[in-house]
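Take a look at the structure set out below.
Read-outs throughout are calculated quantities, based only on the coordinates presented, and are distinct from any laboratory measurement. Computed from a predicted model, the values in this text were never measured in an experiment. When we count neighbours, we look across all protein chains shown, and the Cβ atoms used for this are built from the backbone with ideal geometry, even at glycine.
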Amino acid sequence: MTAAPARTGTAIGMAGLTVRFSTRRSQTTALDDVSLDIEPGEFVTIVGPSGCGKSTLLKIVAGLVRPTSGEVSLLERPVRGPQKEIGFVFQKAALLEWRGARANILLQAEMRGMDRTKAARRADELIEMTGLTGFEKALPHELSGGMQQRVALCRALLHAPPVLLMDEPFGALDALTREQMNAELHRIWRETGTTVVLVTHSIAEAVFLGTRVVVMSARPGRIIRTFPVELPAHRDYAQVMSDPRFDRLATDLRGLLGSAAANH
Amino acid sequence: MTENALHTAGRQAAATATGTPAGSASTSGAGTSTVVGPPPGTGGRPPRPTLGRRAVAVADSLWRPALVLAALFAAWWFVAAQEYVPNYLVPTPGQVWTTMTEQWSELARHTLVTLYETVLGFVLAAALGLAAAVAIAYSRTLDKALYPIVLFAQVIPKIAIAPLLVVWFGLGLTPKVILAVLIAFFPVVISGVAGLRSTDPELLDLAATMGAGPWRTFRKIRFPNALPHLMAGLKVAVTLAVVGAVVGEFVGASEGLGYVLLLANGNLDAPLLFADLILMSAIGIVLFVLVEIAEALLIPWHASRRAGVSLTTS
């Protein structure tokens with residue numbers, strides 16, 4: 001595969017990404033020839049069965065995993081090592097347990113050597129925006145899963161990254177908290193205009209949040225189809241859930257994922 | 001494992017003092033609400049235990065072992081005073097006390113010598129052990145080259161090296177300190193490596209995407225994360241350092257509690273033996289408590305040290 005065509009305005013470009021892991025006994029192909037271009041400001045959600053290499057895909061974009069073959073570019077620049085222009089959110093909040101919520105958010109600034117006063121102001125804005133006010137000093141173990149994930153989200157947004165990568169960020173939360181977080185993330189995305197790539201197992205989450213839904217097959221992970229989400233840019237959770245377009249797309253996805261899983 | 005029991009008792013006491021059952025740390029499952037709002041008036045933090053409450057907690061954790069000790073002491077007194085065992089074998093607490101006070105200036109001097117050797121050995125062992133742990137945790141080559149040797153060296157009975165050390169370094173301070181270092185080094189390395197390796201790989205990935213260099217990652221993430229393990233190792237190391245110093249004195253010395261012990265033994269001076277033993281134990285206890293206090297100051301956030309209070313559910 002040749003290098004990703006340097007189209008103007010591509011936030012993330014993936015061309016022919018293939019990843020093989022070799023263990024002592026066998027060689028597994030985690031990703032097989034994945035190509036995808038993401039425009040700035042898009043919210044792309046990736047759904048697929050467990051172990052289809054979705055997380056690996058995100059790590060490749062972040063420069064944490066090298067593809068066996070293929071090219072990735074982030075903001076028009078080829079990805080060679082760990083990327084700084086991104087915010088990364090994991091399934092686990094991955095907070096430092098000795099730091100309070102605010103100090104955990106500010107870790108981002110300290111590690112980057114950002115301007116202190118600017119970072120502090122930005123942290124306060126984010127704390128307010130995500131409803132963490134009053135919990136600035138609370139240690140992670142004093143916070144619920146949802147609150148911890150909010151802190152992780154604030155940390156990922158502190159340096160106002162142009163690209164936000166999220167690896168099943170709400171997977172460990174209960175259904176109600178998850179809906180709440182979805183609605184919040186949607187609002188944050190609208191307000192900041194960040195390019196977001198979100199990996200999820202939840203079809204509802206993928207459709208509600210995404211401007212595009214990418215469906216991947218079971219191992220080896222391939223892109224089966226990409227669906228544009230024909231819902232308004234400004235979405236209300238309850239309204240979307242009862243929207244016939246949501247239903248149609250969710251049904252399509254469910255059918256596709258069911259057959260994808262059955263074939264392997 | 002007695003210290004664990006102490007912690008648990010302390011934690012329970014602290015929890016009852018603040019009016020929260022210790023087990024209510026996580027009431028997850030059915031709980032779904034996240035935004036509970038800050039608890040009134042505390043700015044989102046549980047109230048820090050006051051000095052009085054802490055005293056109550058300490059007293060609560062201490063009275064049981066104190067009671068057992070008092071019973072043992074009473075038994076000793078009774079047996080010795082009734083001379084069920086002759087006094088040249090088991091002296092009465094009164095005789096030990098008299099020896100202690102009469103020879104206090106001498107005993108104090110020897111205690112300071114042993115204390116100095118122990119502390120020096122412990123500090124060196126901690127520094128060298130931490131350095132070795134960092135080298136092993138960071139370098140694959142050093143891990144493969146050093147770690148097996150460190151593990152293997154633990155098989156050598158270090159006490160048996162003591163005579164050799166005396167031959168090499170004479171009767172002064174050096175062989176005692178070296179022996180203390182040799183004995184105390186191992187738990188520091190093992191706990192340090194375990195601690196440094198226990199860093200969540202996602203945190204390290206995160207640090208990479210934050211563009212932080214290895215030094216910042218070590219200082220802000222890996223080292224603080226390793227502290228709970230490391231402190232456990234240091235607690236073991238400090239008590240072992242006493243053993244190292246005393247054994248070093250056994251083999252060849254002109255001062256120190258180990259030397260006094262041999263002297264008292266030769267003279268069949270049981271009261272002095274007992275007084276000496278009590279002072280040795282005191283060194284170990286005091287140093288252990290100091291490390292405990294350091295731990296409480298350094299890692300108040302760790303699970304082993306906190307009262308179960310969560311601000312939000314689920």
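Take A:146-152, A:238-244 and order them by the average number of nearby Cβ atoms within 10 Å per residue, most first; the result is A:146-152, A:238-244.
Per-residue Cβ counts within 10 Å, from other chains only, averaged over A:138-150: what number is that?
Details: counts 9, 7, 1, 10, 11, 5, 13, 6, 7, 8, 2, 1, 2.
For peptide A:138-150, the averaged partner shielding equals 6.
What translational D, rounded to a whole number of µm²/s, comes out for the protein assembly as shown from Stokes-Einstein when the hydrodynamic radius is the Kirkwood one over Cα pairs, at 10 °C and 1.306 mPa s? Roughly 56 µm²/s, to the nearest whole number.
Distance between the modelled labels on A:Thr28 and A:Arg225, one decimal in nanometres: 2.7 nm (7 Å Cα→Cβ projection). In terms of other Cβ atoms within 10 Å, A:Met114, B:Met231 run from fewest to most in the order A:Met114, B:Met231. Binning the alpha carbon pair distances of the stretch B:187-250 at 5 angstrom intervals from zero yields the distribution 4, 18, 21, 16, 13, 10, 7, 5, 4, 2, 1, 0, expressed in whole percent.
Descending by average beta-carbon neighbour count within 10 Å, the peptides B:281-288, A:53-60 line up as A:53-60, B:281-288, the highest first.
For A:Leu165, A:Leu253, the sequence from fewest to most other C-beta atoms within 10 Å is A:Leu253, A:Leu165.
From its DSSP helices (H runs of at least four residues, each -39,500 (n - 2.57)), the protein assembly as shown gives a residue-normalised ellipticity at 222 nm of -18000 deg cm²/dmol.
Per residue of B:173-182, count partner chain C-beta atoms within 10 Å of its C-beta, then hand back the mean as an integer. List each step's numbers first, then the result.
Details: counts 0, 0, 0, 0, 0, 0, 0, 0, 0, 0.
Per-residue shielding by partner chains comes out at 0.
Nearest 10 degrees, 0 to 90: what angle lies between the long axis of helix A:145-157 and the longest principal axis of chain A (Cα atoms)? The angle comes out at about 90 degrees.
Can you give the average number of partner chain beta-carbon atoms within 10 Å of each beta-carbon in peptide A:86-92, as a whole number? Don't skip to the answer; put the middle values down first.
Working: counts 2, 3, 6, 1, 5, 1, 3.
The shielding value for this peptide is 3.
Measuring between alpha carbons in the structure, the pairs from A:Lys59/B:Lys144; B:Lys144/B:Lys220; A:Lys59/A:Lys92 lying more than 21 angstrom apart are A:Lys59/B:Lys144; B:Lys144/B:Lys220. Sequence-ordered 3J(HN,Hα) estimates for the stretch A:158-169 from the Karplus curve with 6.51, -1.76 and 1.60 and θ = phi - 60° stand at 4, 8, 6, x, x, 10, 10, 10, 10, 9, 6, x Hz, glycine and proline given as x.
How tilted is helix A:116-129 with respect to the longest principal axis of chain A? Cα atoms for both, answer in degrees (0 to 90, nearest 10). For A:116-129 against chain A, the angle is about 80 degrees. Within the stretch B:67-105, which residues have the backbone N less than 17 Å from the label spot 7 Å out from B:Ile285 along Cα→beta-carbon, could you tell me? Hits in the stretch B:67-105 for B:Ile285 at 17 Å: B:67-77, B:93-94, B:96-98, B:100-101. Computed from the C-beta positions of B:Leu112 and B:Val56 and an R0 of 30 Å, the FRET efficiency is 0.30 to the nearest 0.05. In the stretch B:160-196, whose amide N lies under 13 Å from the spot 7 Å out along Cα-to-Cβ of B:Ser254? List them in ranges. B:170-173, by backbone N distance to the label point. Seen from A:Ser217, the other residues with C-beta closer than 13 Å to its C-beta sum to a net charge of +2, counting Lys and Arg as +1 and Asp and Glu as -1.
Under the simplified labelling scheme, the B:Ala71-A:Ala160 pair shows an inter-label distance of 6.9 nm, with each label point 7 Å from Cα along Cα→Cβ.
Could you work out the local net charge near B:Leu263, counting Lys and Arg as +1, Asp and Glu as -1, over the other residues with Cβ closer than 15 Å to its Cβ? Spell out each step's value before the answer.
Working: positive: B:Arg109; negative: B:Glu106, B:Glu249, B:Glu255, B:Asp269, B:Asp276.
Summing Lys/Arg as +1 and Asp/Glu as -1 gives -4.
Amide H contacts of A:Val34 (H built 1.01 Å from N, in plane; Pro and chain starts excluded): A:Gly16, A:Leu17, A:Thr18 sit under 5 Å, all sequence-distant by 5 or more or on other chains.
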